[in-house]
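K.L.:
What follows is a structure written as structure tokens; I'll ask about it next.
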Amino acid sequence: MRVRRLGWAGIEVESQGESVVVDHVLGWKSIEPYVGPPLTPLLEIEKPGSSLAAFVTHLHTDHTDAQTIASDLTDGASLHRPAVMEGEPLETGGVAAAEVELAEAGVDQVLMDEWQTIEAGPFTATAVPAVDGFGDPQISWVIEADGKRIIHTGDTIFHGSWWLIQMRFGPFDAAFLPVNGALTSFPHRQPPSGIDASLNPEQAAAAARILGAQRLVPIHYDGIHEPTVYEQTEDIIGRLQNSLDGEGGPRLVVMAEGETLDL
């Protein structure tokens, strides 16, 4: 298994000449009025139109980009995603744009329940529990191939299902975890909580330990920082290093955009 970081939360996973993508975006125009354009590179996959499947953790447009997904997928391939959110417009405001864009792009979609598994070529992918910082539907993805296993957790907050995930799927060769500990103040989620809406460095380190991950690969940081609407936490890599000091625990692997990890 080979994993390429595509920027922000996106990754491409390769095995036996085939590939799948997770949370791959090339932009987020629908939220630019609030958070601005991407601050770090967002990269295309190596062979557009070749992915056997696409996976998204949730339908915020910094994780679900309909046009990018459509261009990634090979003929007959599908997007695998969490359930459709029901509710009034203010309740569903965070996912509405992605729902419309996916429909307009004609992307074939498969709704996944927690613990449900699918196979695509050499890959086995399972949707596992996650908790969204704004109450929208979210799942994480366990992906296996070539006897290796990774987990990608979108931008989840800390939750109590880490132990269940470890019991059923651990240990992991690598955990791709959000680390930016964002404080937010969006119009559709008022008043602001003042509490991190995604894992902060210390929480990511704790999750990686519980999961039994050999490597913690930080994702979902530096690409958005627009105080006071969306403000990432400080000294992310330094705090990760401090939290992971000591023998026997996860090793910190910082991947630049476009860099690959061979497992």
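The values are calculated or read from the model by the stated rules, or taken from the named source; none is laboratory data. Keep in mind that this is a model prediction, so the values were computed, not measured. Quick reminder, even Gly has a Cβ in these numbers, built from the backbone with ideal geometry, and neighbours come from all protein chains shown.
K.L.:
Of the residues in region 36-70, how many are in a loop (DSSP other than H, G, I, E, B) and more than 21 Å from ASN180 (Cα to Cα)?
P.N.:
7
K.L.:
Here's a follow-up. Could you tell me whether region 28-35 includes any residue that is at negative phi, of a type in the set (Val, Ile, Thr) and assigned to a loop (DSSP other than H, G, I, E, B)?
P.N.:
No, every residue in region 28-35 fails to be at negative phi, of a type in the set (Val, Ile, Thr) and assigned to a loop (DSSP other than H, G, I, E, B).
K.L.:
I'm told ASN200 meets every condition in (1) crowded, with 17+ Cβ neighbours inside 10 Å; (2) among the polar types (S, T, N, Q); (3) farther than 25 Å from VAL13 by Cα; (4) without any contact (Cβ under 8 Å) to a residue 40 or more places away in the chain except one. Can you identify the failing condition by its number?
P.N.:
(3)
K.L.:
Considering region 58-96 alone, what residues qualify as being charged (D, E, K, R) and closer than 16 Å to ILE139 by Cα?
P.N.:
ASP62, ARG81
K.L.:
What number of residues in region 220-258 are in a loop (DSSP other than H, G, I, E, B), among the acidic types (Asp, Glu) and surrounded by 12 or more Cβ atoms within 10 Å (Cβ to Cβ)?
P.N.:
Total satisfying the criteria: 2.
Here's the yes/no breakdown for (1) crowded, with 17+ Cβ neighbours inside 10 Å; (2) under 23 Å from PRO122 (Cβ atoms); (3) modelled with pLDDT of 95 or more; (4) in contact with a His (Cβ under 7 Å, 6 or more places away or on another chain):
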position: GLU14; (1), (2), (3), (4): yes, yes, yes, no
position: VAL20; (1), (2), (3), (4): yes, yes, yes, no
position: SER30; (1), (2), (3), (4): no, no, no, no
position: PRO38; (1), (2), (3), (4): yes, no, yes, no
position: PRO41; (1), (2), (3), (4): no, no, yes, no
position: GLY49; (1), (2), (3), (4): no, yes, yes, no
position: VAL56; (1), (2), (3), (4): yes, yes, yes, yes
position: THR74; (1), (2), (3), (4): no, yes, yes, no
position: ARG81; (1), (2), (3), (4): yes, yes, yes, no
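K.L.:
Right, here's the next one. Cβ contacts < 7 Å: first residue within 20 Å of ASP173 (Cβ to Cβ), restricted to region 234-259; second residue among the hydrophobic types (A, V, I, L, M, F, W, C) and in a loop (DSSP other than H, G, I, E, B), any location; separation 6+ or different chain. Result?
P.N.:
Pairs that qualify, where the first residue is within 20 Å of ASP173 (Cβ to Cβ) and the partner is among the hydrophobic types (A, V, I, L, M, F, W, C) and in a loop (DSSP other than H, G, I, E, B), are LEU240/VAL179.
K.L.:
Quick one: which of PRO129, PRO89 is out of contact with any Ser or Thr (no Cβ under 6 Å at 6 or more places or on another chain) and within 30 Å of VAL35 (Cα to Cα)?
P.N.:
PRO89
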